[in-house]
Structures are given as C-alpha cells and as structure tokens.
Amino acid sequence: MSRLQRKWMEYWQSLSDKLTKRTKIHLVNATISPAAFSAHHIHLKALEVLSKLTQKKYNAYLVGGCIRDLLLDMTPKDFDVTTNARPEAIKPLFKCARMIGRRFRLVHVVFGRDIIEVSTFRGPPKKNKITSEKATRDQGFLIRDNVYGTIEEDALRRDFTINALYYDHQTHQVIDFSTGLQDIKNRCLKLLGDPATRYREDPVRMLRAARFAAKLDFSLDAKTEEPIKMLAPLLHQIPGTRLFDEMMKLLLYGYGEKSWSYLKYFNLLPNLLSDTIRLSEANPKVESLIILVLQSTDLRVKQNKPVTPAFILSAFFWYHVLQQYHVFKHTKPDDEAWCLAVDMVLRKQCQIFSIPKRYTCFMRDVWSLQVALIHRSDDTIMQIAGHPRFRAAYDFLLLREENGESLDSAGLWWTNYQIKNPIPSVNRFKYRKKSRHIKSKRRM
Ligand code: ATP
Ligand code: MG
C-alpha cells in the first residue's frame, strides 16, 4: 500500500465516530462506492480532460474547490484540473483551448458554456535575486509567478488547506498534503503557511476568506483571521477587473448577505466601497437598502431565477448618486445635475473596481427610470412600461419603498398597472438575456 493510500485509509477510519451526521452519510457513501463519487458528481468534461492528460502519460488531478464541495455534499461551481504537463503541452491536446493569465499561465479548455481550467503544478517562488526583484512589488505582492513544481509544492501554493485537496480519477483517492480533510471535518478555514505573508502575496485571499466563510458556513482559524483587518488596505494593489470578479463571486451566488457581514466584520468594505461606506455612517438607509437587495438576490438564486450584478450595484450606489445630485443641483439645471452625479459616482467607483459598461448602462437606466416611475403622466406611461429596463426599475422602486422611502405609493400604482396591462414577455426576455452574468475566471 502506498503512502497516499495509507493516509487515505487512515483518514476514513478516523472519521467514523467524530463526523457530523450530514457529512458522515456522504463520506461513508464515498468510501463504499468511490465510483459513485466520480461518475455522478464530477463533470463529464472534467473527466474527459483528466483522461486525455493521463492517456498522454501525464499526472492529472481534480483539485481545489470542487473536491471540497463534493466532500461537503455541495454542488461545485466549477471543476479545476492540475497536472505536471506544461501549458504549451496541454493546449494542443484539446480542440478548443486557450492560454490565459499573466501572473501564472493556465489553459482554459472550452466546451460550449463550460470551461475546465487546467493549471500546471506550481513551485515555490524563485529565490534568486533578479527573479524575485522582478516578480515582486513592495510589500511582498507577487506580480509574475510562472514557476512550475511538483504536486507537493503545488499544494503549498494553494490558499486554504481545504482547497489543497487532489482527486485521482484512476484510483478514486482524495490526496491531502496538509490538514484539508481534517479542517473540512472541523468546518475550519485555515490558510496554508504564514497568513500575513500569504495575504501580502495576494490580497485577494482576504476576500476569498470572507467568501468561503460565508459560502461554507465555516469558522476562521484565529491565525488566519488575525491579520486581515490590518492588511485590508492592500486590496488597493489588485487590478479593478479582478476585484470586480471577486466581488461578484461574493454577492451573486446565494450567500451575498452573509458575505456582506463578513466583509464588514473584516473591515474590508472601506477598501471596496469607500464612498458608500462613508455615507452609510451618516445614513442607515444606505446599508439597509444593500441588505435588502442582497436578501432578494439570495432568494432569487435559491429560486433559480436570473440575477444581475447591475441590479445589486444600482442599490449599492443609489444614495451616493442622490447625494451628489443634490450637490450639483445648487449650480446646474436638473437634468445636467443628474447626469453629472451619475457620471461622478460611476467614475469614482470604477477607480476601485471596474464595472463593465454593459452593467453601468443598466444602472443608469434603472436610476433614471426612478423619477419617471414616480412622476408618470398619461403621455409617458406606455413609454415607461415598454422600456427594456422597466421591470428592473420597478423592482428597484419596490425595494426603495421597502427601505422606508416615501414615494407616493408609486410601487403599488405600477403593480396595479401591470395587473391590468400585462407587460409583453419580450421585455422580460430582453432583461433576462442581458442580465446573465458572464463568468470569467481570472486568477493569479
Ligand atoms: P469556487 O469555485 O467555489 O469559487 P474554488 O476554491 O474552486 O472555489 P477557484 O477560484 O475556482 O476557487 O480556484 C480553484 C483553486 O485554485 C482553489 O481551490 C485554490 O486551490 C486555488 N486558488 C485560487 N485562487 C487562489 C489564490 N488567490 N491563491 C492561492 N490559491 C488559489
Ligand atoms: Mg472552483
């Protein structure tokens, strides 16, 4: 029996009397029938990628969050593969594969809407003077990081112990080089290595800590939690596009409200939404609107309804737009004051995280329609109801009323209007189609 097999057997044996009921059932099933674990729960395309790589005599494993989620009886968001093959060798093996990543090169194997990310085992950052000077900026942040290594070294480069698990599809073994399985059992989130150093290398790990704590309902190991408040300002080093992606992962997958609490508790919010947080200190409605929009998003996710980042962001910046509008109104005509306020808020926020234009267009429409919905006239009603963003603007209006804004019962008026005049479904279809969150994976 190999060392890995022994470790695996020991682990399963040690579990029986200590596991929580829910986890126990799942893990015991996995032991009895490892084939079920692979055949029924692992994405077929991921298995196809693994098979292709192993046919070519490379070592290849499923890695990271998908193993963690399967062990917790959750549905993985995506499946990642890691291998000892180099990106240049991986790409030609698949018809539709592309190389991505500047800090660390990866291959995305594309199967229609599904993307399987294939990474090469990473090694420790190079120690030699020239490379390390070139590859790190102030405060230990890694800029370029194309160093390959062994599977053991790769495990140490991952963020949390629970994300450093590898699944061998040929032997059906889960391989754990640290304490990942134990930490899953204890429902504990623990960063690999020295936490402060690991956050400095990549400050996004602080956001990931908040995300996994919320998503998995895990508690944070004290040493993993301790440096976050102090290091939170390092988020400014992260490119806006990556920050936006990470924010969306926190907010759009059904645990947004809980993620918000963790971001707040870790004091990460002032580095992500500085103006909104400043405003919320003086006006409690700012945060209560955010909580309402996150609650309704979480509910929609549970109901399998479409959600869009733009709707959430409309709520995040609404009171800031209003505040700026009142400032500009002193010196400018109404329409101009409104446009200046919207432009200013979006421009300032995009300096922190970049909101794609398709979303800012949506936000502008939803905000502008608020005035029209309240001050409707006989001439404009049809036009408003026919607007492609009518439904989103109406939902936003209801949210504002729920948040205690007094809007002349406009919400009720439009509810009754839609009962009497059902809005053609073509409008809703447009909204759904445009609102689909295009998942893009950007990693270091
Ligand atoms: P989910 O897919 O639910 O978002 P995940 O853990 O799979 O969670 P991914 O972003 O898909 O997250 O990344 C896959 C794996 O890559 C992680 O499990 C982890 O091992 C590694 N990883 C991702 N981001 C980092 C990071 N910033 N630092 C170190 N390792 C990382
Ligand atoms: Mg993943």
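The values are calculated or read from the model by the stated rules, or taken from the named source; none is laboratory data. The shown structure was predicted, so the numbers you read here are calculated from the model rather than taken from an experiment. Heads up, the Cβs are rebuilt from the backbone with ideal geometry, glycines too, and the neighbour counts pull from every protein chain shown. Please note that ligands, DNA and RNA were not included when accessible areas were found on the heavy atoms of the full protein model with its side chains. Shrake-Rupley method; radii C 1.70, N 1.55, O 1.52, S 1.80 Å.
Working ranking of peptides 245-254, 307-316 by packing, defined as the average number of other Cβ atoms within 10 Å per residue, highest first, is 307-316, 245-254. Note on Ile381 and Cys361: the model spin-label points, each 7 Å out from Cα along the C-beta direction, lie 3.0 nm apart.
Across every direction, the projection of the convex hull enclosing the Cα atoms of the stretch 343-429 has a mean area of 6.7 nm². Projecting the Cα positions of Gln351, Asn421, Leu397 onto the charge dipole of the stretch 273-444 (unit charges on Cβ atoms of Lys, Arg, Asp and Glu, taken about the Cα centre) puts Gln351 furthest along the positive direction. In the stretch 172-264, the portion of solvent-accessible area held by carbon and sulfur atoms comes to 52 percent [1.4 Å probe, whole percent, DNA, RNA and ligands not counted].
Amide H contacts under 5 Å for Ile175: Tyr166, Tyr167, Asp168, restricted to partners 5 or more places along the chain or on a different chain, H placed in the peptide plane at 1.01 Å from N.
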